[in-house]
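K.L.:
A single structure is presented below for examination.
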Amino acid sequence: MIEIKNLSKTFGTQMVLNDVSLKIEKGKVVVVIGPSGTGKSTLLRCINLLERPEKGRIKLGDFEADYEKISKAEIQVLRSRTSMVFQNSNLYRNKTALENIKLPLTAVKKMEDRKAEEIGLGLLEKVGMLEKKDAYPETLSGGEKQRVGIARAMGVNPDIILFDEPTSALDPELVSEVLEVIQDLAKQHTTMLIVTHEMKFARSVADEIVFMEGGKIVEQAPPEEFFGNPRTERTRRFISSNME
Ligand SMILES: Nc1ncnc2c1ncn2[C@@H]1O[C@H](COP(=O)(O)OP(=O)(O)OP(=O)(O)O)[C@@H](O)[C@H]1O
Ligand SMILES: [Mg+2]
């Protein structure tokens, strides 16, 4: 289980996250939606400390830390137990698909090359990319790159994978192959926190939907309830303008 408590983050005078608390049970998928600029990316970035929140606590299984006085060692632990998948896969350009997955395993996890190779091949198969194992990123489509990026995120066996709009930089015809991979992970009970604008996908993959606005969680509910019977007028409007 991962639990975030009273997370706050300001940029200059702007309060981007305002006392956000969120719990994600092991094996569950929470999808965050909401208008642009409401702090969704900042929330993910604060969780694994790409941004430093001013306030808040995090619990990750048996690990617990206070962001206000987090130590370097604790930051390392947090980063090693969370993985992030960005809009653009951020693959190393001079490394093949397989090498991209192996690198964090050998360099960070200090795994033997043979073991990393075995895990890497297994993951490439899982995301349907085995036949492209020796391809360099520039020869892959956007969707293929994202699938390798997801395999890389899974490789380190994190407690949670954080996705920040994994399909929003893709051509429309490539979106579904990436969403299918994420859907598969959900079926295998991978714990995930996903920011997306894909409402149909959100509805089908999520155990829980979180609607954010102005740095706050406005509404949180299982998808049937959230989409079928939204509690606030604001949520209703957001859904109807994003559901076509
Ligand atoms: N590094 C930064 N410095 C200053 N302001 C920032 C920084 N990062 C984000 N912000 C501001 O914080 C607010 C929230 O940004 P964030 O990227 O979290 O929004 P978002 O909900 O992910 O939006 P989108 O749906 O467009 O991706 C925005 O007003 C943004 O301009
Ligand atoms: Mg964002």
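What follows draws every value from the coordinates through simple rules; no lab data is involved. The shown structure was predicted, so the numbers you read here are calculated from the model rather than taken from an experiment. For neighbour counting, all protein chains shown are included, and Cβ atoms are generated from backbone atoms with ideal geometry for every residue, glycine included.
K.L.:
May I ask for the Kirkwood hydrodynamic radius of segment 116-244, worked out over all distinct Cα pairs and given in angstroms to one decimal?
P.N.:
Numbers: mean 1/r = 0.0623 Å⁻¹.
Averaging 1/r across every pair of different Cα atoms and inverting gives 16.0 Å.
K.L.:
Using packing as a proxy for protection, rank 145-152, 189-196 so that the peptide with the highest average count of other Cβ atoms within 10 Å comes first. Walk me through the numbers before you get to the answer.
P.N.:
Details: 145-152: 26.9, 189-196: 21.0.
Final packing ranking: 145-152, 189-196.
K.L.:
While we're here: Across segment 27-123, what fraction of all alpha-carbon pairs, as a whole percent, falls in each successive 5 Å bin from zero upward?
P.N.:
The calculated distribution, bin by bin, is 2, 10, 17, 18, 17, 17, 12, 5, 1, 0.
K.L.:
Over all distinct alpha-carbon pairs, what is the Kirkwood Rh of the chain in angstrom?
P.N.:
Taking the inverse mean of 1/r over all distinct Cα pairs, the chain comes out at 18.5 Å.
K.L.:
Continuing with this model, one more query. Multiply the residue separation of residue 207 and residue 63 by 0.36 nm, subtract the distance between their alpha-carbon atoms, and state the gained length in nm to one decimal. Don't jump to the answer; show the numbers that get you there.
P.N.:
Values: separation 144, 0.36 × 144 = 51.84 nm, distance 2.37 nm.
Full extension of this stretch gives 49.5 nm more.
K.L.:
Give me the distance between the Cα centres of segment 194-244 and segment 20-42, rounded to whole Å.
P.N.:
Measuring centre to centre over Cα atoms gives 11 Å.
K.L.:
If you don't mind, there's one more thing I want to ask. Could you work out [θ]222 nm for the chain from helices alone, using -39500 (n - 2.57) per DSSP H run of at least four and dividing by all its residues? Round to the nearest 500 deg cm²/dmol. Show your work: numbers first, answer last.
P.N.:
On the way: 9 runs with 92 residues, N = 244.
One gets -11000 deg cm²/dmol as the mean residue ellipticity at 222 nm.
K.L.:
Once the Cα atoms of helix 113-126 and of the chain are each reduced to a long axis, what angle between those two axes, in degrees from 0 to 90 to the nearest 10, is obtained?
P.N.:
60 degrees
K.L.:
Can you sort 238, 163 from fewest to most other Cβ atoms within 10 Å of each residue's own Cβ? Kindly include the intermediate steps, with their values, before the conclusion.
P.N.:
Numbers: 238 20, 163 27.
If I rank by nearby Cβ atoms, fewest first, I get 238, 163.
K.L.:
Just name one of 84, 242, 53: the one whose Cα is farthest towards the positive end of the charge dipole of the chain (beta-carbon charges, Lys/Arg +1, Asp/Glu -1).
P.N.:
53
K.L.:
Please list, ordered by chain and number, the residues whose modelled amide H lies under 5 Å from the amide H of residue 28; skip anything fewer than 5 residues away on the same chain.
P.N.:
The answer is 192.
K.L.:
So what's the angle, to the nearest 10 degrees on a 0 to 90 scale, between helix 142-155 and the longest Cα principal axis of the chain?
P.N.:
It is inclined by approximately 90 degrees.
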